[in-house]
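Comments concern the structure below.
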Amino acid sequence: MSFSQEVKNEILRHRISKPCCNVAAAYAVACFGKYFDDRGVVLQTENEGVVAFAQKVYRRCGVQGQIQRKERPTGPVFEFHVQDPQEIEKLLALFGHTGKEPTLRIRPEHFKCQKCMQTFIATAFLCCGTMTDPEKSYNLEFLSTRHYLSQQLEAMLAEHDFHPHRALRKGANTVYIKAADHIEDLLTFMGAGGAAMRIMDQRLYNEMRNKTNRLSNCETANLGKSVQAAVQVQLAIERLQEAGALNTLPETLRQTAKVRMQYPDLPLAKLAQKFDPPVSKAGLSHRLKRIQEAAHRLPENQPQEKEMSNA
């Protein structure tokens, strides 16, 4: 089961107690179903629970609708419809529509109490909403072919500070929210608090994982720099040895070179503790830098000249 279906099933578990909220839910089915006009109402969905919910809220409003199962190659599709002429007359009177409106618009007089709009938005999500799995990304959408309805739904969501956006994608008007915290608030608002908690947990997990990765990458980078610096020092010491110039250095630098070659893998902080008496990390770094400078001052051909003179 997809995360989107889990959200819808959680919303379906909530009971609508007030008659006015029941009308608001039925109105959302009409507005965000497949169509709503003088032919009646049709809602199609892959979730059987949604059509059962639609049939129940319409029956409570005194309007009888039917459910039909249609087989498709991708799986069954469930359809709720009100197509009997007498029932169509009832629902048009219930919603105050003629069924011949050139553009369908949401009528605010159907929101009698504070929870009516909450129920309307939750039912709209049941009819046309989708939600991406939070393990992949954060995205909640409402899809509709009706421009003005999408525009009004966006305004309703914005009124409650959910920060929606709207776009036209493949002929469908899409009202979407991408910010995780705003999605959490909207899911809680619609009655899917469990889904909101799952997103919150996933967001905390992602933040912790990203922080761990950043620290790991930083430590790896620092370790790489330390290893590179240690190798450069060892090469400088070896060059001084080959040139016979190591004994010409001050005693402190000769001692430093000896300890460095004895413990080639130790970081500076631990290497500094190997001296008697121990030296500071900054002091050891300064000594190693002087050793490298001494190696750089050697002529490039000095080791070869020494080998020729020995021959």
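The values are calculated or read from the model by the stated rules, or taken from the named source; none is laboratory data. The structure presented is a predicted model; accordingly, all values stated were derived computationally and were not measured. Cβ coordinates were reconstructed from backbone atoms using ideal geometry, including for glycine residues, and neighbour counts include every protein chain displayed. Note: accessible area is taken over every heavy atom of the protein model, side chains too, but ligands, DNA and RNA are not part of it. Shrake-Rupley method; radii C 1.70, N 1.55, O 1.52, S 1.80 Å.
Below are the figures for this structure:
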read-out	value
Difference of contour (0.36 nm per residue) and Cα-Cα distance, Lys100 to His14	27.6 nm
Heavy atoms of Tyr263: accessible area, 1.4 Å probe, square angstrom to 10	70
Under-5 Å amide H pairs with Val41, H placed in peptide plane, nonlocal only	Val82
Probe 1.4 Å, accessible area per residue of the range 157-264, Å²	60
Centre separation in Å (Cα based) which lies between the range 188-236 and the range 14-40	47
Spin-label model distance (nm) - Arg60 vs Arg290, 7 Å beyond Cα toward Cβ	8.7
Accessible surface of the chain, 1.4 Å probe, proportion on carbon and sulfur as whole %	51
Pairwise label distance in nanometres, Ser216 with Glu6, each label 7 Å out on the Cα-Cβ vector	2.4
Rounded if a/c under 1.5, otherwise prolate or oblate - the range 43-151, Cα gyration tensor axes	oblate
Added length on full extension, which subtracts the Cα-Cα distance from 0.36 nm per residue, Glu251 to His165	23.8 nm
Nearest-20 debye value, the range 172-239 charge dipole, Cβ charges on Lys, Arg, Asp, Glu	240
Pairwise FRET efficiency - Gln114 versus Arg39, Cβ, R0 = 30 Å, nearest 0.05	0.35
Charge dipole of the range 1-114 about the Cα centre (unit charges at C-beta), most positive-ward option of Ile67, Thr98, Pro108	Pro108
Among (i) 25.1; (ii) 24.3; (iii) 19.9, the entry derived from the coordinates for Kirkwood radius over Cα pairs in Å	(i)
Relative contact order (%) - criterion: Cα under 8 Å, at least six apart; region: the chain	14
Estimated FRET transfer efficiency (Ser137, Asp276; beta-carbon r; R0 45 Å; 0.05)	0.15
MRE, 222 nm, helices only [DSSP H, n ≥ 4, -39500 (n - 2.57), over the chain, to nearest 500]	-19000 deg cm²/dmol
Student exercise, the range 95-242 dipole from Lys, Arg, Asp, Glu Cβ charges, in Debye to nearest 20	520
Simple spin-label estimate for Ala155 and Ala269 in nanometres, 7 Å along Cα-Cβ	6.1
Electrostatic dipole magnitude of the chain [Cβ: Lys, Arg +1; Asp, Glu -1; Cα centre; debye, to 20]	320
